[in-house]
Every structure is written in C-alpha cells, then in structure tokens.
Amino acid sequence: MAGLRKLELEEALALGPNWRHACHALLYAPDPGLLFRRIPLRYAVLMQMRFDGRLGFPGGFMELQDGTLEDGLNRELIEELGEAAGAFRVERANYRSSYAASGPSVVAHFYAKCLTLEQLTAVEKGAPFAKDHGLEVLGLVRVPLYTLRDGVGGLPTFLDNAFIGAAREQLLEFLKDLGLLESGSAHGT
C-alpha cells in the first residue's frame, strides 16, 4: 500500500494530538444463498459508494466528544447507515489494523464485524433513510465473492473499481483471512 505505513494500535494511539483518527468497518454476514441456483454466495460483505465516486467502508473521522475509537465508529455507522446500525456495536475485539498516511497526519483504523444476515439486510433496507445518505454516502453495495465461468465476472471485475485509501487491500486481506482467497489469486494482487 504505497504511501501508507502499518502501525500497531498502541503506536497509532500514541501519535499525539496533531493526528486525526478515522475508523471504518467491514460489515459481513454468512449467506447460504445461491446465485442462479448454483453459485454459492457464502458471505454478504458490504461496501459503500462514497461521495467522491470511490468504494470504501462505512465510518469516518473521530470527533473530540467520542470517548473511544469504537464510540466514534459506532456514531459514524448510525450517521451513514441509519438506525439499524444501532442494533449492534463494533467493539475493540473487531479491530484488524491501522495505517498512517505519508501526507496529512491521518491514521486509519479498520474493523470487521460479523452480523446475522437479518441484521445486515436491515442495514441495507434502512440505509436510504440515514442522515448522510445522498451526501457522504451514495449507496451500499455487496461485494461479489465469486468468479464467473469467464474468469472475469464477479470479484475480479469488482476489484477494477476505484477504492479509497487502503480499502481494496483491506478487503482482500479480510477475504484471505476468511479463507475465500488464496494469496495472489485475486485480480491485481
């Protein structure tokens, strides 16, 4: 990830008052469904289309009144995804990584939270009514976790989209950890 430096959480939190912290969460749920009655979906993974036309994960910058990173992240999730995001809470146990930008003094923290499929579907249904819908967030999208017979359709084509910051790499790392990808198996990795 060019221009980004991976940090341990404690190191990131000790960077000092001149640094801004942003937190984002990958929300996912086991999905037993089949596409075209033959392609297993395995998981539903949510990403969002941002105001700048790039794909990313819900979340944002922490504010002074946020007690913890997770408090700020959960506030951001409700603002961007709506009240259904209040039915669960992203905790420190869901933390995955932190990256510092080489330019502005910004450190991005990444979390992954497993939901039930019902919770994830409720988030999708409620998102158009969220405070930031149509402003910061233009819509939600599920990541296609399959490759079609042509070897291109599905995840390989999805990965050709524009992603914000480290979102593409964070997605791929998470999918590898779930056992859905082998190293080097994704288009462009």
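Here are the numbers for the structure shown:
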{"quantity": "Order by protection proxy (mean Cβ within 10 Å, highest first), peptides 168-174, 94-100, 7-13", "calculated": "168-174, 94-100, 7-13"}
{"quantity": "Largest-first principal axis extents, alpha carbons of the stretch 97-136, Å", "calculated": "38, 26, 9"}
{"quantity": "Accessible surface of the chain, 1.4 Å probe, proportion on carbon and sulfur as whole %", "calculated": "54 percent"}
{"quantity": "Compactness relative to 2.2 N^0.38 Å, alpha carbon Rg of the stretch 1-67", "calculated": "1.59"}
{"quantity": "Rg and Dmax [Cα atoms of the stretch 63-160; Å; Rg one decimal, Dmax integer]", "calculated": "15.9, 50"}
{"quantity": "Acute angle (nearest 10 degrees) that the helix 167-177 long axis makes with the longest principal axis of the chain, alpha-carbon atoms", "calculated": "60 degrees"}
{"quantity": "Radius 15 Å from Cβ of residue 69, net charge of other residues (Lys, Arg +1; Asp, Glu -1)", "calculated": "-3"}
{"quantity": "Test item: Cα-centred dipole of the chain, Lys/Arg +1 and Asp/Glu -1 on Cβ, debye", "calculated": "580 debye"}
{"quantity": "Degrees separating the helix 69-81 axis from the principal Cα axis of the chain, which is the longest one", "calculated": "50 degrees"}
{"quantity": "Principal-axis tilt of helix 117-126 within the chain, Cα atoms, nearest 10 degrees", "calculated": "70 degrees"}
{"quantity": "Alpha-carbon Rg with Dmax, taken over the chain, Å", "calculated": "16.4, 53"}
{"quantity": "Trypsin sites (Lys or Arg not before Pro) restricted to DSSP loop in the stretch 1-87 with at most 16 other C-beta within 10 Å", "calculated": "37, 38, 54"}
{"quantity": "For the stretch 1-150, with +1 on Lys and Arg beta carbons and -1 on Asp and Glu, the positive-most of 67, 143, 26 along the dipole", "calculated": "143"}
{"quantity": "Formal net charge of residues neighbouring residue 45 (Cβ-Cβ distance under 10 Å; K, R +1; D, E -1)", "calculated": "+1"}
{"quantity": "Within-9-Å neighbourhood charge of residue 80 [Cβ basis; K, R +1; D, E -1]", "calculated": "-3"}
{"quantity": "1.4 Å probe accessible area per residue over the stretch 37-108, in Å²", "calculated": "46 Å²"}
{"quantity": "Cleavage-rule hits (chymotrypsin sites (Phe, Trp or Tyr not before Pro)) in the stretch 1-49: DSSP loop, at most 14 neighbouring Cβ within 10 angstrom", "calculated": "36"}
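The values are calculated or read from the model by the stated rules, or taken from the named source; none is laboratory data. Because the structure is a prediction, the values reported are computed rather than measured. Using ideal geometry, Cβ is built from the backbone for each residue, glycine included, and neighbour counts are taken over all protein chains shown. Just the protein is used for accessible areas: all its heavy atoms, side chains included, with ligands, DNA and RNA removed. Shrake-Rupley method; radii C 1.70, N 1.55, O 1.52, S 1.80 Å.
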